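Please treat every number below as a calculation from the coordinates, not as lab data. Given the structure is predicted, the values throughout are model-derived calculations rather than measurements. Positions of Cβ are generated from backbone atoms using ideal geometry, with glycine treated the same way; all protein chains shown enter the neighbour counts.
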Amino acid sequence: MRIWAKIMLNQKIKKDTMLEVAGDYDPDKFQAYLEAIAYKLHIGTPIILTKHLNHFLEFNITSFGQSDFAEVIDFDQLVIESASK
């Protein structure tokens with residue numbers, strides 16, 4: 001499985017990365033996926049709410065804004081999207 005993460009600023013991709021995960025998506029590992037993505041992008045790990053998990057499961061995409069981070073961010077959104085077919 002691959003997860004594409006995009007840092008968005010003014011509706012444009014400021015920075016992105018691809019996370020390769022062995023096997024299929026495991027909801028119990030979403031926190032670990034997000035921590036690995038945050039590390040690769042050199043940002044803090046956002047707080048995961050039930051809505052983020054539900055959106056990713058149902059639509060294969062979810063986003064995190066300023067209210068989802070403990071620290072101030074210099075971008076508008078972190079978008080996480082399943083890139084697997």
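Annotations
- Helix axis angle, 50-59 relative to the chain longest principal axis, alpha carbon, degrees: 60
- Enclosing the Cα atoms of the chain in their convex hull gives a volume equal to 91 cubic angstrom per residue.
- Segment 67-85 versus segment 22-38: alpha-carbon centroid distance in Å: 14
- Within a straight-line Cα-Cα reach of under 17 Å, Lys29 can be paired with the following aspartates and glutamates, leaving aside sequence neighbours fewer than 8 residues apart in one chain: Glu20, Glu58, Glu81.
- Loop GluC sites (Glu not before Pro), segment 37-85, which have at most 10 other Cβ atoms in a 10 Å radius of their Cβ (DSSP): Glu71
- Nonlocal amide H pairs with Lys15, under 5 Å, H built at 1.01 Å: Ile7
- Using the alpha-carbon positions of segment 1-47, Rg (one decimal) and Dmax (whole number) come out as 11.2, 34 Å.
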